Amino acid sequence: MTVEPSIRSALMPAGVLRASINLGNPILARWDAARGQAAGVSVDLAAELARRLQAELRLVVFDAAGKSVAAVSGEQADIGFFAVDPLRGEGLLFTEPYILIEGSYLVRENSAIAANEQVDAAGVRIMVGKGSAYDLYLTRELKHAQIVRADTSPAVVDEFLAQEADVAAGVRQQLASDAARLKGLRLLPGRFMVIQQAMGTPRSRGIDAADCLSAFVEEMKASDFVAEAMARHNIEGAAVAPPKDACQAIGLPP
């Protein structure tokens, strides 16, 4: 990966690569208590990009997606790992996705709600993680149900129970883990959205810098780096996104 000095400077004007890491999505990253640092697919990608740029990597770690996005949009970090969303695109330039994740609903076992189509109804309260991809999506799409917000995505199910909401929305793997932990809960069949996880950089860094980041992501998918990172971190239920041309063909915009 050969990067022109001007693009390298645009990507990391501070002279080090500052990567925003969101611990709120267990598919992407988690806190490794034994090592005292963040670990996961996004961390591995950030480390590989820094290696190729011959740069020092500095992780900027957050517990929620909204905070992670704000750090990159506000240029406190140079790159981040986010779900693609039009609202976030106002401040960020995205690559094509590298991982596809399912957004799902969870309810109590005795709930009358049996299908995704029944969720958007008057009187239904849906708990989401504040600023998450599914918060942004559902805020646009829902017409009748009410959205209530937990501070972070990992807190969604606990808040769903504490506040007696009707539905919890989130990453399917996180909801399944919480359902197994707490009992008396069930996932609704299928998904309400595909969450497209991509890399992003501040829009002010320019198209050339974003194109360089996009080329990196495409190589990481094609070389099986992403697949191997997912296997290394025992990530199940998510899929490596298809190549760029295939993403566009099936309607997955950057």
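The values are calculated or read from the model by the stated rules, or taken from the named source; none is laboratory data. Quick caveat: nothing in here was measured; it's all calculated off a predicted structure. A quick note on method: Cβ atoms are made from the backbone with ideal geometry, for glycine too, and the neighbour counts reach across all protein chains shown.
Within the range 1-34, how many residues are of a type outside the set (A, V, I, L, M) and part of a strand (DSSP E or B)?
6
Filter the range 126-167 down to residues that are touching a residue at least 60 places away in the same chain (Cβ under 8 Å) and among the β-branched types (Val, Ile, Thr) and give me whichever is surrounded by the most Cβ atoms within 10 Å (Cβ to Cβ). Filtering first and then ranking leaves Val167. The set of residues in the range 67-84 that are under 19 Å from Lys130 (Cβ atoms) and either aliphatic (A, V, I, L, M) or crowded, with 22+ Cβ neighbours inside 10 Å (or both) comprises Ser68, Val69, Ala70, Ala71, Val72, Gly80, Phe81, Phe82, Ala83, Val84. Flag set for Ser153, criterion: under 30 Å from Leu11 (Cα atoms) and touching a strand residue (DSSP E or B) at 6+ places or on another chain (Cβ under 7 Å).
Can you tell me which residue within the range 171-216, out of those that are within 30 Å of Ile113 (Cα to Cα) and in contact with a Lys or Arg (Cβ under 8 Å, 6 or more places away or on another chain), is surrounded by the fewest Cβ atoms within 10 Å (Cβ to Cβ)?
Within the range 171-216, the match that is surrounded by the fewest Cβ atoms within 10 Å (Cβ to Cβ) is Gly184.
When the strands (runs of 3 or more DSSP E) confined to the range 128-222 are screened for residues that are within 15 Å of the chain's Cα centre (by Cα), those reaching at least 2 such residues are found at 167-171, 193-202.
Go through the residues of the range 39-53 one by one and say whether even a single one is out of contact with any strand residue (DSSP E or B) (no Cβ under 6 Å at 6 or more places or on another chain) and assigned to a loop (DSSP other than H, G, I, E, B). No - not one qualifying residue is present in the range 39-53.
The residues of the range 228-250 that are more than 15 Å from Gln196 (Cβ to Cβ), surrounded by fewer than 16 Cβ atoms within 10 Å (Cβ to Cβ) and at pLDDT 90 or above, listed by number, are Glu228, Ala231, Arg232, Asn234.
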